Amino acid sequence: MVVNLSRYGSLRHSGYDDIDSGKTGQGLEVEELGTTGYNTPIVEEVSLEIERGGELKTELVRGLSQRCVSFIALGGVIGSGLFIGTGTALSAGPGSALIAYSIVSVIIYFTMTSLGELATYLPIPGSFNAYGTRFVDPAFGFALSWNYWLNWVSTVAYEAGAVAIPISYWLPQVNFAVWGISLMAIVVTINCITVRGYGEAEFWFALIKIIAICMFIIVGIAVAAGGLGGHHYGFEMWRYKKAPFVSGFGGVLNTFIQAGFSMQGSELVGVVAAESQRPAKLIPRATRQIVFRLAIFFVLSVFIMGLIIPYDDPQLINMDSGNDSGVISPFTIVFLKAGIKPAAHIMNAVMVTSSISACSSGLYAACRTVHVMAMQGHAPKILGRTTRRGVPLYALFFCAAVTLSLWAFNFVGQGIVFVFLTGVSGVAGYLAWASICVVHIRFRMAWKRQGHKLDELRYRAPLYPFGPVFCFVLICVVIFGQAYPSFQNGFDKITFFSSFLELPLFALFWVGWKRWKKTKVVTLDTMDLDSGARGGLSFEEEDDVLAEPSGRGFKALALK
């Protein structure tokens, strides 16, 4: 097994039990690589190899800096779900969309604080999927891992199909399949480079999206106030026809799936923890930043759209109609209403780069998830191999192949496939968030039972235990509340099956693995709270890392 050593010479940063044995230190040659500058990884290339049983295995590399960790989490969230999928949310009325996105922001806040505490203390590969195995039940971790993997391959397939929508604004005569295949080729190439190169690419992609959203917010406020476009909107669209709640309570509940799908990806902070340079320093900071940025970018953007765009605008994208021909993004509509046609073209270009970024982050999360599953014996072993630069190439190609297979179903009724991909991915995301809450509660219970003190945790989730309990209950209400809109106006089989298909799949993985492997629930007394703790550093060494000064020069301040 290939292991990367930090400058402290620790063998335990990876979190794998087989590295902790005394035999791993025999006959090893260590090569010191990297420094500890502001954006320089303290661990880079493969620094030693361990031969075991005649089979050479490899593992991931810690090469992500602070800005990369923050922007990967943010960039993975901002994608077609915001730029394109918000059209579906707005079709339920501006009030329904605003309520749904606001409540999902609250869910994300508590979920992220729980995950931030876990990932800071245990920055191990697999993140909350691995936590499910260690703190709940191996069968629960197995089901959670495959659920999360399915979530991201579905999301990437959605993005691959959605990228054709902004491009068709310029080239309507070109078949959308051309753009989907081109997108997949680009994101696979990005993920084939080193994790540091991938992080740099995601940083710039995310930066473009953030600048574009800030421009949209400024222009949108000016349009709503009458400063641009020649019409003062105010709250006119909130009194338009059936607005602000077009389908009543059922419309609000149905919008939660689209809102959850649009905003999922914030948990990537936990996924990238195993490849970040200084988890104790970077993860808490990224956790705090991502929550408030999401509230600004998503909630404020949806609110501005609701002020300007009528819910029945024929140009508004509504995947539920099963036909997306002749429709454009709500972001583009706002710029057109402002009379800034060049800006509309720029926004379309931003949406294309957004799809590339979201696809890249989704593929990253999917291949890292299946890579860790292979290392744990939950997937074929070949998917656990990586290149000398720490890239899980076999897992990457496997995920890309499955994604292309799902994307190919767009040729069979494009609108219907989008509804199912959104529903499956949205519910899978909610299940992942609920699982994080369960894992966090179990972790804290074991922490107290085994005599640990809260002062030993570098980052502690605020409002515990209210936060994870409230979040879990709210998620259950959202998921099972999807039954209401499915039967509100007669039985809607598409809404019902797209909303509930993921639940029996999760149960099948959980029960099936439990019966096959005869796993048992991990008791609080035997729960492993030490392997991989603090990335392999001692408490004192972690103090040294936290005491390292951040960059204070012009470049560091400009990047911040």
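Points to keep in mind about this one:
- Sites Ala185 and Phe497, calculated FRET efficiency, Cβ-Cβ separation with R0 35 Å, nearest 0.05: 0.65
- One decimal place: the segment Lys448-Lys381 gains 20.5 nm when fully extended, by the rule 0.36 nm per residue minus the C-alpha distance.
- Summing +1 for each Lys or Arg and -1 for each Asp or Glu among the other residues whose beta-carbon sits under 12 angstrom from that of Arg460 gives 0.
- Mean Cβ neighbour count within 10 Å, used as a protection proxy, ranking 150-158, 116-124, 441-449, 197-205 highest first: 150-158, 116-124, 197-205, 441-449
- Computed from label points 7 Å out along Cα-Cβ, the spacing between Ala408 and Ala507 is 3.1 nm.
- Rh by Kirkwood over Cα pairs, then Stokes-Einstein D for the range 338-415 at 0.890 mPa s and 25 °C, µm²/s: 166
- Cα-Cα over 31 Å, subset of Lys381/Lys520; Lys209/Lys241; Lys209/Lys281; Lys209/Lys381; Lys281/Lys448; Lys281/Lys453: Lys209/Lys241; Lys209/Lys381
- Over every Cα atom in the range 339-468, the radius of gyration and the widest Cα-Cα span, Dmax, amount to 20.6, 64 Å.
- Working value for the range 393-490: equivalent-ellipsoid semi-axes of 37, 23, 8 Å, each the square root of 5 times a Cα gyration tensor eigenvalue, largest first.
- Charged neighbours of Pro310, selected by a Cβ distance under 15 Å, balance to +1 (K, R count +1; D, E count -1).
- Taking 7 Å steps out from each Cα toward its Cβ at Ile346 and Trp516 produces label points 5.3 nm apart.
- Cα centroid separation - the range 92-162 against the range 221-264, whole Å: 26
- Using a probe radius of 1.4 angstrom, the carbon and sulfur fraction of the accessible surface of the range 363-519 is 69%.
- Kirkwood hydrodynamic radius over Cα pairs of the range 82-175, then Stokes diffusion coefficient at 37 °C and 0.692 mPa s, in µm²/s: 199
- Peptides 512-523, 471-482, 166-177, ordered by how many other C-beta atoms sit within 10 Å of their residues on average, highest first, read 471-482, 166-177, 512-523.
- Local net charge near Ser357, Cβ-Cβ under 14 Å (Lys/Arg +1, Asp/Glu -1): -2
- According to the Kirkwood relation over distinct C-alpha pairs, the hydrodynamic radius of the range 198-274 is 16.1 Å.
- Sorting Thr88, Thr189 by solvent-accessible area of protein heavy atoms yields Thr189, Thr88, largest first, with a 1.4 Å probe.
- Calculated from backbone phi, Karplus (6.51, -1.76, 1.60) coupling profile of the range 386-402 in Hz, x at Gly/Pro: 10, 7, 5, 9, x, 9, x, 5, 5, 5, 5, 5, 4, 5, 5, 5, 5
- The simple Förster model, with R0 at 30 Å and r as the Cβ-Cβ distance, assigns Ile218 and Phe249 a FRET efficiency of 0.30.
The values are calculated or read from the model by the stated rules, or taken from the named source; none is laboratory data. Being a predicted model, the structure only gives us computed values, none of them experimental. Note that we place each Cβ from the backbone using ideal geometry, even for glycine, and neighbour counts take in every protein chain shown. Ligands, DNA and RNA are stripped out before the accessible areas are found, and what is left, the full protein with its side chains, is counted by its heavy atoms. Shrake-Rupley method; radii C 1.70, N 1.55, O 1.52, S 1.80 Å.
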